[in-house]
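Handing you this structure, nothing more for now.
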Amino acid sequence: MLNIVLFGPPGAGKGTQSEKLIDKYKLTHLSTGDIFRANIKGQTELGTLAKSYMDKGQLVPDEVTIKMLEAEVNKNPNSNGFIFDGFPRTQAQAEALDKLLASKNTSITLMLALEVEEVELKKRLLLRGKDSGRADDQNPDVIQKRIDVYNSETSPVKDFYTAQGKYKGTNGIGEIEEIFNALCSIINAQNKIFK
Ligand code: ADP
């Protein structure tokens with residue numbers, strides 16, 4: 001299996017690159033943000049709970065997020081592999097993911113990180129807010145909070161994968177196709193080792 005954690009701050013381009021990667025490598029895309037938004041739209045209990053955190057730019061509690069992610073992985077028993085997009089966002093989530101994959105005799109192949117500086121992120125998020133109507137992209141205070149939460153809680157997750165020799169960072173600024181090619185080169189190089 002090829003299991004990738006696509007990592008980076010809000011607005012780094014994880015969603016865009018995930019779409020291209022799942023197509024090329026035939027992987028299952030699991031975006032926790034997308035799953036929460038689908039639940040909000042469907043007015044489920046999980047959606048109502050998630051919304052109360054997302055609207056403030058806070059993380060949804062680990063317990064809830066981990067349970068949901070595990071259920072999604074379990075729904076895809078015959079997958080070639082997964083792209084985890086927006087997960088793990090905390091050390092506890094990273095540990096839970098390792099445990100879950102180990103119980104299925106697999107593991108994370110690599111963490112691909114899109115590196116984009118803060119000024120560029122804020123510009124992108126505000127632009128996306130205009131186009132997508134996502135409430136959390138329209139309020140500068142909420143955007144700042146998400147970036148702060150990323151820096152304090154999520155960024156350390158890279159150390160978790162660095163310690164396992166799995167962290168690969170790449171520049172997230174440039175043409176979409178150029179960034180995609182850089183990601184593919186990293187995957188192909190690593191995948192040879194794992195085959
Ligand atoms: P972005 O990366 O642009 O912030 P996402 O769609 O990944 O957007 O996430 C939107 C929101 O959903 C986050 O701000 C957070 O509230 C919630 N969320 C998504 N993934 C997680 C997660 N793994 N743990 C906790 N909260 C999450």
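Taking L2, is it away from the ligand (no atom under 13 Å from the Cβ), more than 15 Å from Y150 (Cα to Cα) and outside any helix (DSSP H, G or I)?
Numbers: away from the ligand (no atom under 13 Å from the Cβ): yes; more than 15 Å from Y150 (Cα to Cα): yes; outside any helix (DSSP H, G or I): yes.
So L2 passes the test.
Select from region 107-127 the residues that are under 24 Å from L27 (Cβ atoms), within 13 Å of the ligand (Cβ to nearest atom) and either assigned to a helix (DSSP H, G or I) or acidic (D, E) (or both) and list them in ascending order.
Of everything in region 107-127, nothing turns out to be under 24 Å from L27 (Cβ atoms), within 13 Å of the ligand (Cβ to nearest atom) and either assigned to a helix (DSSP H, G or I) or acidic (D, E) (or both).
Say we look at region 50-69 and pick out the residues that are near the ligand (Cβ under 6 Å from one of its atoms) and farther than 18 Å from N139 by Cα; which of these is surrounded by the fewest Cβ atoms within 10 Å (Cβ to Cβ)?
Out of the qualifying residues, it is V60.
Would you check which residues across region 70-88 are surrounded by fewer than 22 Cβ atoms within 10 Å (Cβ to Cβ) and either part of a strand (DSSP E or B) or in contact (Cβ under 8 Å) with a residue 24 or more places away in the chain (or both) and list them? Step through it out loud before you land on a result.
Taking region 70-88 as the starting set, the residues that turn out to be surrounded by fewer than 22 Cβ atoms within 10 Å (Cβ to Cβ) are 70-81.
Residues satisfying the conditions are E70, E72, V73, N76, S79, N80, G81.
Taking region 25-37, which residues are without any contact (Cβ under 8 Å) to a residue 60 or more places away in the chain, more than 11 Å from the ligand (Cβ to nearest atom) and surrounded by fewer than 19 Cβ atoms within 10 Å (Cβ to Cβ)?
Answer for region 25-37, where residues must be without any contact (Cβ under 8 Å) to a residue 60 or more places away in the chain, more than 11 Å from the ligand (Cβ to nearest atom) and surrounded by fewer than 19 Cβ atoms within 10 Å (Cβ to Cβ): K26, T28, H29.
Continuing with this model, one more query. Being assigned to a loop (DSSP other than H, G, I, E, B) and over 26 Å from D23 (Cβ atoms), is that true of even one residue in region 130-145? Step through it out loud before you land on a result.
Keep residues of region 130-145 that are assigned to a loop (DSSP other than H, G, I, E, B), which gives 133-134, 138-139.
So of that shortlist, the ones also over 26 Å from D23 (Cβ atoms) come out as 138-139.
Yes, region 130-145 has at least one match.
Just so you know, all these numbers are worked out from the coordinates, no wet-lab data involved. Model, not experiment: these values are computed from the prediction. Note: ideal-geometry Cβ built from the backbone for every residue, glycine included; neighbour counts use all protein chains shown.
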